[in-house]
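Here, each number is a calculation from the coordinates, and none is a lab measurement. Keep in mind it's a predicted model, so treat the numbers as computed, not measured. As a convention, Cβ positions derive from the backbone with ideal geometry for all residues, glycine included, and neighbour counts pool all protein chains shown.
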Number of protein chains: 2
Amino acid sequence: MPKKLYSDIYDTLKDEINKQVYPPRNTLPGEEDLAARFDVTRNTVRRALKELQSDGLVYAVKGRGVVVLEPIRDDKVVFTADNNIGFEGLKKFPQNKFIQELSTEVLSFEEVEVDERIEKITSFNAGDKAFYIERLRLFDGNALVVDNSYFRKSMLKDMTVEDAKSSIYQYIRDNNLFKIAAERSTTTVESATKRDMQVLDIDDMNCVGVLTKFVYTDTGSLFEHTQTRYVPNNFSMVDFKSF
Amino acid sequence: MPKKLYSDIYDTLKDEINKQVYPPRNTLPGEEDLAARFDVTRNTVRRALKELQSDGLVYAVKGRGVVVLEPIRDDKVVFTADNNIGFEGLKKFPQNKFIQELSTEVLSFEEVEVDERIEKITSFNAGDKAFYIERLRLFDGNALVVDNSYFRKSMLKDMTVEDAKSSIYQYIRDNNLFKIAAERSTTTVESATKRDMQVLDIDDMNCVGVLTKFVYTDTGSLFEHTQTRYVPNNFSMVDFKSF
DNA sequence: GAGTGGTCTAGACCACGGT
DNA sequence: CCGTGGTCTAGACCACTCC
């Protein structure tokens, strides 16, 4: 019972690419042919092909066709930019099954007023109320990640420490507050601060990876600013783009 | 003289968003209205809106409208995933104007046969011939980046050390060999190796950022595998996604 | 010249949000 | 209920690649 045609076509083609029905470096059948095969219009086929391209499986060349890209042997991937919305998402990643236990410890939970310094960091407006939350993430008992977050208070009604301890995004969903629209992030490597050395199991390393993330609600408001600081040698992030 | 309608609409709307004709947290006019205004069909408007969304400027909510997202105060960005195709691209980034001088030093240049170890790293096929190139990148005389690259030899005709020293991508363009189709990359933070400490100006830091990159040609072949290893505190990468 | 993907039109029906 | 964006059809013309 197909709900979305382009999504069915996407799934089918993806499957056939994996099964080497269309081997790497070959082209897929033309868009017209695919349209005939799936009994849809060319536009709908094109939509499916666009998804495949943004996945990095194929690449369209005008005048030649849609080329199947050679596969890459993937390493274990723990972090991806996608699952950073909610630490809880990590549990669902199949590559992560060697992780037995994930837990979170809330180190700080305070209400602050956004001053100039915080405004500069978070892009919130000075004078706003915000929650500042520092959370330590434990992987099989190892403190590998610490999150420094600011959340706009006005959008969280009366969230408590317990809510923050489990999952803030769960709290938002349960109370039907709003939906998450988008996130912008930057990745850097920085020298470890004293605080990092204090709370993280960082051994003798003196740097951390830093993922700085801005999260938007579906009403266009900046809602969250989080700095995720993580111990080296444990995480990787994946990305794909075409030209 | 418009060549691509959706691109004109994109530019116009982007400009108007920046000028706060449509302020943050407000919605744009409906797609029908925009279609009427630009004298195109709704599909063409939608195409422009999709670009704006993938830029992170707006977000579409069914039943409500296309919401303008609040802007973020951007930090200086040196690296972006986009300009990693070719070190030379860095020079063009306006944020980088404080860098006076960029230069490259070729530390190694050898022809190798892909064995099992290299196959595992690069996803090339065992038995292929490849160039192994190690290049040191100097920023105002500071060795901040070292690139470890493998290139499939069969696609480079008879490239010389001099070609590699200036720009391999320039060489490919000049000789009209092929086009670059896509790139897949992963970002990690790793302990610095002895080699890193040897060639990089890393001071007392013992970690490096690592950008691992696979590059495809427009015929679907994996062509390049590069590990970019960089000194902390100097680079950042930006990313945006919507849900 | 034949075949490919890229752009665009002019309609249609649906699901969802706010009233 | 009405207006919004989401999906889809059935055409058309163009630019490019390859033979």
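Just a few scattered comments:
- Extension reserve of the B:LYS129-B:GLU105 stretch, reckoned as 0.36 nm per residue once the Cα distance is removed: 6.3 nm
- Long pairs among A:LYS62/B:LYS4; A:LYS4/B:LYS19; B:LYS179/B:LYS213, criterion Cα-Cα beyond 26 Å: A:LYS4/B:LYS19
- With each label modelled as a point 7 angstrom along the Cα→C-beta vector, the A:GLU116-B:LYS50 pair spans 4.6 nm.
- Bridging of A:LYS14 to aspartates and glutamates at a Cα separation below 12 Å is possible for A:GLU51, A:ASP55, once same-chain residues fewer than 8 apart are set aside.
- Estimated vicinal HN-Hα couplings, Hz - segment A:126-137 in sequence order (Karplus 6.51, -1.76, 1.60; Gly, Pro = x): 4, x, 4, 8, 8, 8, 9, 10, 10, 10, 9, 10
- A:ASP201 versus B:LYS14: modelled label distance in nm, points set 7 Å from Cα along the beta carbon direction: 4.6
- Relative to one another, the C-alpha centroids of segment B:181-208 and segment A:14-65 are positioned 37 Å apart.
- Between A:THR41 and B:GLN170, the modelled label-to-label distance comes to 4.8 nm, taking each label 7 Å out from Cα in the direction of the beta carbon.
- For A:PHE235, nonlocal amide neighbours, meaning residues 5 or more places apart or on other chains whose placed amide H falls under 5 Å from its own, are B:VAL189.
- Under Karplus coefficients 6.51, -1.76 and 1.60, residue-wise ³J(HN,Hα) of segment B:4-15 in Hz, glycine/proline x: 10, 4, 5, 6, 5, 4, 4, 4, 4, 5, 4, 4
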